[in-house]
Every structure is written in structure tokens, then in C-alpha cells.
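Here is the structure we will look at, set down as C-alpha cells.
The values are calculated or read from the model by the stated rules, or taken from the named source; none is laboratory data. On a predicted model such as this, the values are computed, not experimentally measured, just so you know. Note that each Cβ is placed from the backbone with ideal geometry, even for glycine, and that neighbours are counted across all protein chains shown. These area figures cover heavy atoms from the full protein model, side chains too; ligands, DNA and RNA do not enter into them. Shrake-Rupley method; radii C 1.70, N 1.55, O 1.52, S 1.80 Å.
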Protein chains: 2
Amino acid sequence: MARKPAEQSVNRLDILLAAANVFRRKGYHGAKMSDIAAEVDLTAGSLYHHFPDGKQQILIEVLNEGLDQITAEVQAVVDDNTLMPDEKLRKVIYTNILGLTHNTSVAAALVFETRTILENPEARKAYLKRRDSFEQLYTHIIQEGIDAGIFRQVDVPIFTKTILGAHNWVGVWYREGGRLTGEQIADEMSNTFLAALSPVQVPEAKH
Amino acid sequence: MARKPAEQSVNRLDILLAAANVFRRKGYHGAKMSDIAAEVDLTAGSLYHHFPDGKQQILIEVLNEGLDQITAEVQAVVDDNTLMPDEKLRKVIYTNILGLTHNTSVAAALVFETRTILENPEARKAYLKRRDSFEQLYTHIIQEGIDAGIFRQVDVPIFTKTILGAHNWVGVWYREGGRLTGEQIADEMSNTFLAALSPVQVPEAKH
DNA sequence: AAAATAATCAAATCATGATTTAATTATACC
DNA sequence: GGTATAATTAAATCATGATTTGATTATTTT
């Protein structure tokens, strides 16, 4: 019969967080199991009690947790039908960036370590599917706005990747206690992208 | 007395390019010296003839070469005084993105492997200085445009990082033979950022 | 064609770090 | 209190991969 886990012992989530921190500092390959273990006052071997499948499994779960979390938050905004596309996009950007700045370790893992997980064929497929869904949240809003005539005609996939690239990068350079808060950064960036979608005439390139 | 290097033997640049390719596929830590060597038909040991300081030195040179190259190209545009700030920014974005799409391996290294080099105290300082200079090229143009009144007031550092984040990300997702050419992507993205800088009124956020 | 140096290789080293194993200790359940 | 299971550890394994070493082969220079 199942029994309740001990109260004071480390749990999986603690370890995932610890791992994300170490990954951020040293990268996945540079992170020793003993580094992760030390972060939660364990020895390397003990980690295998919680994650029998070892190091890679830990990374996979860090990324899945992180992506699911941010997806859920963004999804909630998307589902709010009281918002117009422009308000929705602003709020989504805001939510996404705050999510990143509030958990920079996981954010960095999502940027830097995704490639590692992709080398694992099983994990790869599932992960890419998740990531596509996330990207879809953005493309939908943008397309909606274009269809409604409140955004100018842009190439939706490229515009989406432009936003996401800018976001991802925030997770890399943002430091707590810097010149601007996460909120201010989110404001500034949502202004930028909404201005970029403003349906006024844009002088065309001639090269 | 110095003698000319043998004609047919591999040279340092070949190796750097090969290394960048392997780094792109497997990441720095995942790349074996033997992988890099195989790419140029050598054995692992032979690489030490060309790079006595070993693997990390190879990475450092890949990044330095890559950054210097792209910096030089962008600098050339910045130095062209016949261009107005908006034209200049458009051209800089264009140049930068084409640089990335034309050498995706190095581009990916610049995004993913910079962290590795930063752990090396000596390389760190020099590299950060270079990277700052590069960023300055963008901030200067943007500030110029604002001062000239043809760009709206944005937070220049954030806007710069927004552009650079979007650019970096191109190096990650771009694939030769995809739906759009590098030129089309560059066009689309420069339209985006110029629109974002257009000095029309932007509806303010209220949260 | 010698002599000198460059380029390369195959086979050691050497270090590191993930994972396994065999206990040991702690906690929950009855 | 006693037993089953969870949590943890210390000490092996085991594998991998960077680097070194001591030849061997190529190329250049004179």
C-alpha cells in the first residue's frame, strides 16, 4: 500500500529547480550530478532515487514543467474573450515576459538546453509538439488582429518568431535588480510590438 | 626561417568552420575533438598541432572570428554617412540577418556557446568588450534617429536588445531552403522594427 | 637529394563524472 | 514496538573523451 512521502525529505520539484539553477550557471553538460545534488544537500547517488532515469530525465522534466507553466499562463489570456486582439497581444507579451523574469533559470534552460533534449528521439517529438502549440498561441492572436483590420499585414510566422526571439533573449540578459523591472521591460516591449503592428503606412524598403 | 605552409594541408580556418558545424549540431560540450577532426579528415591528436591550447581555444577563436566578421560588416554600414538613421537601421538589420543566415553554424555558436567562453576569465573580458561594441553600433543609430525626431522615444537599450534577441533567434530557427530566403526575412524584420520606431502616437498601456 | 620543419597518426595517459551497488538510517503504518 | 518502505550515503564501476607522447610521412628549402 502506498504511503505518504516523508515530510522533510527533498521532493522532485526541489530537485528540478535546483537543476535549473545549475544548468543556468554551467549549462547541461557542464552541470555535474554532484552540483545538482549539492544544491539540495544530497549526494549525487541520491538523485537516482528520485530520478531513476538520470540526468537527461531531469533536464526533460525541467523543460516540460517550464514550458507547460508558461503555456498555461499565456493560454489563460488567450481564452479571455473580453479582450480585443491588440489588448490580448499586449497582455500575452506582458504575461510571457513576467513569467521569464520571475524564473530566469528555467527561462534560460528553455533557450539553451532545448537542443540537448531534441537529440533524444522520444522526447523530441513530444517536446516539439508542445512548443508548436505555444507558438500557435501567438500566431492566432496576430492573425486575428490582421483579420479584424487592427493590425497591418505582416508575415505572421516571422512576426511570431521575432517576438519570441526577443522574449527568449530577455531570459538571457535580464538580471534581478537591474535598471528596469520585469514590468517595465514588458511594457516597453509590448509597446514596441504593438507599434510594429499599427496599420499605418510604412515606408517600403528599396534595396 | 619561416617556411610556407604546405598547400594541401588543413588550415586553421578550415578547422574553425568544421568546429562551428559540430558545435551547432552537438553543442560545445557534446562535440568531441574527434568529431571536429573527422570533419576535416584528421585524427583528434592532429588538431593540437594547429591549436596547441586545445578545445576551448578553438571555441574562443570561432566566436571571435564570427563576431569580428559580423561587426565589420555592420560597422561599414554605420560609417556610411550618406544614409539617414532610418535607412541606416534598415540596412544594418538587413546586413546582420544576411550575415547570420549565410553562416548559421557560427551564428548558432554565438548564441549558444558564448556562455561557455564567459567562464574563462581572460577570454571573458575581451569578449564582452567586443560584444558591447557591437551592441553600441545599434544603440547609436537608434539614438541618432530619436534625436533627429524621425524615431519615437523608446528605451534605447531595451529596444536594442529586442532587435538583437530577434536576430539571434533567426540564427537558431533559420534553415536554408525554408519558406523564405534570408533576404525576405531581413526585409520583413526591418519593416517590423522601423514600424515600431515610427513616431506616431501609440495607445498607452493601462494595467 | 639532403636537411629541416610541418603535418599527421596511433597508441598511451589521465581525468572526470555518470551511474550502480550494497549498506545504513529514517519514517510511516499497524 | 515491529515491520515495511523510503531516503540517503559512501564507495565502487564504467565509460568517455581530452590531451600527451613518440614515431612516421610530406613538403619545402637549399
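Points to keep in mind about this one:
- Selection from the stretch B:164-183 of residues that are more than 8 Å from chain A (Cβ to nearest Cβ) and either crowded, with 23+ Cβ neighbours inside 10 Å or polar (S, T, N, Q) (or both): B:G171, B:T181
- Among the residues of the stretch B:67-115, the ones that are open to solvent by 20 Å² or more (accessible area, probe 1.4 Å) and hydroxyl-bearing (S, T, Y) come to 5 in all.
- Exactly one residue among B:L59, B:L100, B:L17 is assigned to a helix (DSSP H, G or I), of a type outside the set (V, I, T) and within 16 Å of DNA strand C (Cβ to nearest atom), and that residue is B:L17.
- Complete set of residues in the stretch B:1-24 that are at pLDDT below 90 and within 22 Å of B:S105 (Cα to Cα): B:V10, B:N11
- Total residues in the stretch B:127-160 satisfying the condition of being within 14 Å of another protein chain (Cβ to nearest Cβ) and without any contact (Cβ under 8 Å) to a residue 12 or more places away in the chain: the figure is 6.
- One residue stands out in the stretch B:184-204 among those that are assigned to a loop (DSSP other than H, G, I, E, B) and at the interface with chain A (Cβ under 7 Å from one of its Cβ atoms): the one that is surrounded by the most Cβ atoms within 10 Å (Cβ to Cβ), namely B:S198.
- Residue check for B:L47: open to solvent by less than 30 Å² (accessible area, probe 1.4 Å), within 30 Å of B:L180 (Cα to Cα) and among the hydrophobic types (A, V, I, L, M, F, W, C): no
- Listed by first and then second residue, the pairs linking a residue in the stretch B:14-42 that is within 14 Å of chain A (Cβ to nearest Cβ) to a residue that is in a helix (DSSP H, G or I) and near DNA strand C (Cβ under 10 Å from one of its atoms), with Cβ atoms under 8 Å apart and 6 or more places separating them unless they lie on different chains, are B:K32/B:A44.
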